[in-house]
Every structure is written in C-alpha cells, then in structure tokens.
1. Can you tell me which of (1) over 20 Å from S59 (Cα atoms); (2) surrounded by fewer than 23 Cβ atoms within 10 Å (Cβ to Cβ) is the one A160 doesn't meet?
2. Answer with yes or no whether R279 is closer than 30 Å to D180 by Cβ, modelled with pLDDT of 85 or more and either in contact with a Lys or Arg (Cβ under 7 Å, 6 or more places away or on another chain) or outside any helix (DSSP H, G or I) (or both).
3. Return the total of residues in the range 124-139 being under 13 Å from Q63 (Cβ atoms) and out of contact with any Leu (no Cβ under 8 Å at 6 or more places or on another chain).
4. When the residues of the range 102-128 are narrowed to those that are charged (D, E, K, R) and farther than 28 Å from P148 by Cβ, which ends up modelled with the lowest pLDDT?
5. Of D288, D277, D292, which residue is among the charged types (D, E, K, R), without any contact (Cβ under 8 Å) to a residue 12 or more places away in the chain and in the same structural domain as V162 (by TED's automatic domain parsing)?
6. Residues in the range 122-139 that are closer than 18 Å to V290 by Cβ, of a type in the set (G, A, S) and either without any contact (Cβ under 8 Å) to a residue 40 or more places away in the chain or in a helix (DSSP H, G or I) (or both): how many?
7. Which residues, counting only those in the range 282-303, are under 16 Å from T60 (Cβ atoms) and outside any helix (DSSP H, G or I)?
8. Give the range 63-88 a look and list any residue that's touching a Leu at 6+ places or on another chain (Cβ under 9 Å) and farther than 15 Å from V115 by Cα, or say none.
Amino acid sequence: MKELKGNKKWVENFNKIQSEIDDLEVLFEFQKEGEATETQVDEAYTNVVSLLEDVEFRSTLNQKEDELNCLVEINAGAGGTEACDWAQMLMRMYQMWAQKNGFKHSIVFEQEGDVAGIKSVSLEIQGDYTFGMLKGENGVHRLVRVSPYNAQGKRMTSFASVFVHPLVDDSIEVEINPADLEWDTFRASGAGGQHVNKTESAVRVRHIPSGVVCECQQERSQHMNREKALQMLKSRLYELELQKQLEAKDAIEAEKMKNEWGSQIRSYVLDDRRVKDHRTGFQTGNTDAVLDGDIDGFLKAYLMHHEDKP
C-alpha cells in the first residue's frame, strides 16, 4: 500500500503539471489575441516552473533508504554554554521544519547542558522521505552572534554537529545476534514526571562488534525503550553498511568533520543577517525564518547539487 501510494503521487504530479502546461499554452494564445495580459502569462509560467523544479527535486530521492523516517542527532561542539544553546536552537529548527511539513517528531534521548541548552539530543522525525530530505544536513553547523551569555556583549562563534540516520522499518531486514549486545538501564533525566525520573526506565544498548551505542528514554516503560533502542541500533548498523558501500563515491561519512573551525558545512551569522551553505553557495538573509524551520531552500540546493556531481 505504501508503494502504491508513492506511485500514485507521481502520477498525480505528472497529470497536474501536464494540465498546468496546457492551461499556460491556452493563456499564451489568449495573450496574443489581446484577451489576457502579459502579467497573467508570466504568473502561470512561474507556477509551472515551480512545479517542475519541485518534481525534479523529489526525483533525486531515489535510494531505498530515502523514503524512511529518520533520526537526527545533534551534539554541542566547541563553545561551552554557547554551543549547548546553539544545539538547542538547531533542535528547535528541525522540530519546526517537521511541523511545517506535517511530520511527527519526538525526542528519543536528551542530555541537558550544565548551564543552558543541550549537550546532545536524538530527535525522531516520522514522515515520507524525511531521511532523503534531511540527509544533506550531516556535518558541522557554525553560529556567529553577539552572545547573550557574555557580559561584554562580544561576538561569539560556536559549533554543533548534526548526524542524520535512516530509521529502518520492516521493509529492511537487519540481523543482530543477541549475544553481541550489552544492555544497561538507568534513570531518565529531564522532564517526564515522577514515574519516568524515579524508575530505571531508560536503556542503553551497545553492539560489541561495531562499538555502536544507542540510548532511549522516550517511553515510560523499560520494555518499550528497549524496542526503540533496538530499532535505533538497527538503523545505525544499516547506515554503517551503506557508508561502506558508498565510500568510493564520497559517501556521507566523508562530510562529517570535527566540531571546530574550518570544517563547517553551513554558517549562521546572525548579526550580518546571513545564512550560507559552504557546499552549494546557497544563502539567505532571512536568518529568523531559517531558525524557525524554513530550510527547504538549503535542502533542495544540496540535493540538486549532489545529483549534478559525476
């Protein structure tokens, strides 16, 4: 049913574009006869081009894992309290992006900062092609602003890393030997009520052969957290296998660099009102909109740029 729904969507898009092109041709003939204005033709043309660009963008999401839900991991880098605050700002940005697109999102794991913000967070986003759309966000994000945590009001630079993993479902089989797993339980931190904080419902699982560790404190029961942690582990192992297969083609992992100077994929310079992606050159001056989740321009630019590479 999911595959049928996806194919149906492509057919609907094709028919819609075909209809808009036919309408544009008729409107152009009307304009020649003086029965329509040049402005009306330009508006119809712009609409058709926008529809075509959107379909072209979505055609880049052609890998099996692109259609999956995703897990967005954000870790504060160099910058102390400022970096923890920046990591929380990024979390909010992705949450608002998910809301604007009608996707569900939930916090799977969160470690709060010592003073403010968060040191680390795992955010699950559920929706069609969420991994495909966000996979270009892998890397270091750099913030430059006048710090609210600096008494002298100095301009500060901080970093946070973002890693996006496909969240495997039943359509992808990942076999794990139970003997290769180490389980730990601990009390959840942060908000969640007395039950969550007073019982050891949070879990941590380590896959011994690969060293991959996953933690989950999302659910109230330890059993449900174990299931979610196991799903996260399968997703990480699946992505590791994908990266091995794609190493020769400049895989995603090659773009994950240290959380420090010179390694960022995107800079958010708030006092200069500028956000720029250093891989594609795409930039905007509307920093508030970007931090409120308006990042589709960056996502499309990366995917189209990546698709054009030989």
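1. (2)
2. Judged against the criteria, R279 is not a match.
3. The qualifying residues number 1.
4. D128
5. D288
6. Count: 1.
7. F282
8. Q63, E65, E67, L68, N69, C70, L71, V72, E73, I74
The values are calculated or read from the model by the stated rules, or taken from the named source; none is laboratory data. Please read these numbers as outputs of a predicted model, since none were measured by experiment. So basically every Cβ, Gly included, is an ideal-geometry build from the backbone, and we count neighbours across all protein chains shown.
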